[in-house]
Each structure stands twice: as C-alpha cells, then as structure tokens.
Amino acid sequence: MGREVSSGSAMLLGGYAAIGAGAVAMVGLHLATGLDPVHTVISEYAFEPDGWLLPVSLTLFALGATVFGGVLARRGEDRGAATLVWVWGLCMLLIGAFPTDQPGVPLSMSGGIHRYAAFVAFLTMPVAGLILARRYAASPYARHVRLLSLASLGVLVLVVAPYVVRMFGIDLTNDDIPAGVTQRLVVVFEVAVLMMLGLVLRVRHGRARRPFPRTARAGLSGGRAPVAGSVAR
C-alpha cells in the first residue's frame, strides 16, 4: 500500500509539473505575440513567429491529463472519468497538430479536425469534473471542481453560439464579439478543473496512509478492548 501511495503521489507531481510548464508556455506565447486577446482566438496565435509555443503548451497539458487519467484508472470505479480525461488530452494533441484555418479561408480538413477536437475537449473535461465531484463529494475540493465545471459548460455555450448563428447565414466575425475572451475563459476553467482533480486525487492518496481504523487505534491504546465487528468496520 505504501509503495502504491508513493507512486501515485509521484505521478501527480509529474502531472502538475507538465501542466505548470504548459501554462508558462501559453503565457509566454501571449506575451511574445502581443495580439488582441479580446477578439483574437488562441488558435490564430499559431500563425505568429512564436506560434510554435502553442503546440508545445497543448502537448504539455495533454501529458498532465494523461498522468492524472492514469492515476484515476488505477481505481476501477474511476475508469469512466479517466477515459474522459484521456480524451481531453488526446484532443489537446490534435488541436496542436492540426492548426486552424486563416480567417476568411473555407474550412479545410486540418481546420475541421482542429475545430471539432476543441469542441470535444471543451465538453469532456467539465463532464469528468462533475462525475468526480459527485463521487468524492466529501473531499474539500469537490465543490470547487463542481463550480469550475459548471462555469466551463456555461461559457462553452457562449463559445458555440456564434457558430450556430453563422449556420443561419448571419455574417458574424470575431471582431463583432469578444470571441477571444470566451474561449480563454473556457481554457482557463478547464485547466483549473484538471488541476483541482489532481488535488482531489492527492487527498484520496493521503487517506490511504492511515494504517488502522480509529476504533482499532483506540483499542490498542488501552481501555476497553474493541469488539471484533467494530474493528472490521
């Protein structure tokens, strides 16, 4: 049990390191390009000279998600949530590998993969967060995971709304709406959900260090001998 807990803690630290490095790369990309974050979506940063930082950042996020998903998968009851976290990580890789199209250019295969991978990613992480927040409701971080997941889903509606409007033939560009703001909010919320999931998992591993139930410790410290049935519980 001790080795399993130590291994899980090491994996979580590695996941946090990857997510932290990805966040640094993303912030560096924004500072280096100097584009308008209100109307310019993150995907368009790939066309800048320092755009290579975008796939680097997304790959690091994917690595962190893979690690956290691995920790989840080690518990049989969390494999469904682990799959969703892994799907999110895979989508991060696809988003980085297949850049979006230049503004005004018809949708290409690369642009289509980029767009739909982003939508799947934006949907899977908050769903995984809600599942785990319910499962580990006793965790001090469960409420934060739930609120961040709901906030992500709420902002996702604002991200998708312009695409729905365009389907009805209404000419709406990113200059007309704060598309950059809504997209960045979703990304920030989802990375925050991923990091909070790591805290939930860390608490669960920490509880595994208790060698005896409380009733057993009380019985071993003296006084009335514990009832066998209570120790078993």
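Bear in mind that the values in this text are calculations on the coordinates, not laboratory data. Everything numeric here is computed off the predicted structure, so don't read it as measured data. For neighbour counting, all protein chains shown are included, and Cβ atoms are generated from backbone atoms with ideal geometry for every residue, glycine included.
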How much length would be gained if the chain were fully extended between Phe47 and Val24, taking 0.36 nm per residue of separation minus their Cα-Cα distance, in nm to one decimal? 6.3 nm
Virtual spin-label span in nm between Ala17 and Asp176, 7 Å along Cα→Cβ: 4.8
Among the range 159-178, those whose backbone N falls under 15 Å of a label point 7 Å along Cα→Cβ from Gln102 are none
Can you give the net charge of the other residues whose Cβ lies under 14 Å from the Cβ of Thr100, counting K and R as +1 and D and E as -1? -2
If you take the Cα Rg of the range 54-111 and divide it by 2.2 N^0.38 Å, with N the number of residues, what do you get? 1.40
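Quick one: Cα convex hull volume of the range 31-188, Å³ per residue? Numbers along the way, then the final one.
Details: hull volume 19.0 nm³, N = 158.
Expressed per residue, the convex hull around the Cα atoms of the range 31-188 is 120 Å³.
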Tensor-based shape of the range 1-73 (alpha-carbon gyration tensor, a/c under 1.5 rounded, otherwise prolate or oblate): prolate
